[in-house]
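Written out below as structure tokens is the structure these notes cover.
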Amino acid sequence: AVVAVARDGKLVHYKAYGFHDKASGKPMTTDAIFNLASMTKIMASVGALTLNEEGRLPLKSRLDEYLPQFKDQKVGVVGANGEVTLEAAKQPIFIHDLYRHTTGFAYGNPAHPVAKQYPGAFDATDTPGPDFLEKIAKAPLVNQPGTTFQYGVSTDVLGFVIEKVSGQRLGDFLKARVWD
């Protein structure tokens, strides 16, 4: 790891720890380059939080207020022999569930009887937005909303909420409101 700590605008700690390559004994250096993944999730969350600060996207608002196709979601319950039955969600999906991945949405997992009904991790880029949302809205939730962390398409859906609230494409909104 490389740790940098700033206080009052001044760098007070900047140090490398551990190894860049443990097998060869090469120590970590402060100029090491790291691969970061899933940054879109962080950026979408920051963008949504700007809308929250403006009072336009409250954390405790219901997802179906912005995307009506998510009203009355059903939860898939896997029985002992693998069959899936549906039960009503005990509470709606809230915006804060999108941030926390506690919506009950999943990524497509062919080994899971409920999750296999979801698009795969990269399908969001290949499927038009309305079709993507309809596919997710029709799939049963893997867990009751608000109860269990399930890494999946929650942030993808948050991106569509940002587009709805802002009236802009996600990339345009993030460029104007976060990156610029």
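Annotations
- Residues of region 87-117 classified as part of a loop (DSSP other than H, G, I, E, B), out of contact with any His (no Cβ under 9 Å at 6 or more places or on another chain) and more than 17 Å from Leu57 (Cβ to Cβ), total: 14
- Contacts under 9 angstrom Cβ, first residue in region 126-148 being under 15 Å from Gly104 (Cβ atoms) and in contact (Cβ under 8 Å) with a residue 12 or more places away in the chain, partner among the hydrophobic types (A, V, I, L, M, F, W, C) and open to solvent by 50 Å² or more (accessible area, probe 1.4 Å), 6 or more apart: Pro140/Val77; Pro140/Val84; Pro140/Leu86; Asn143/Phe149
- Restricting region 112-135 to residues that are open to solvent by less than 50 Å² (accessible area, probe 1.4 Å) and at pLDDT 85 or above, the residue that is farthest from Leu67 (Cα to Cα): Pro113
- Filtered residues of region 24-68 (kept if assigned to a loop (DSSP other than H, G, I, E, B), of a type in the set (D, E, K, R) and in contact with a Phe, Trp or Tyr (Cβ under 8 Å, 6 or more places away or on another chain)): Lys60
- Pick from region 60-85, criterion aliphatic (A, V, I, L, M), touching a residue at least 40 places away in the same chain (Cβ under 8 Å) and under 18 Å from Val114 (Cβ atoms), ranking: most open to solvent (accessible area, probe 1.4 Å): Val84
- Checked against the criterion of being open to solvent by less than 30 Å² (accessible area, probe 1.4 Å) and not basic (Lys, Arg), the candidates Leu36, Leu57 yield just one match: Leu57.
- Against the test of being more than 24 Å from Leu49 (Cβ to Cβ) and either touching a Cys at 6+ places or on another chain (Cβ under 9 Å) or at pLDDT 90 or above (or both), the options Val77, Val153 yield a single qualifying residue, Val77.
The values are calculated or read from the model by the stated rules, or taken from the named source; none is laboratory data. Keep in mind that this is a model prediction, so the values were computed, not measured. Neighbour counts run over all protein chains shown; Cβ positions are idealised from the backbone, glycine included. Calculation scope for accessible area: heavy atoms of the full protein, side chains included, ligands and nucleic acids excluded. Shrake-Rupley method; radii C 1.70, N 1.55, O 1.52, S 1.80 Å.
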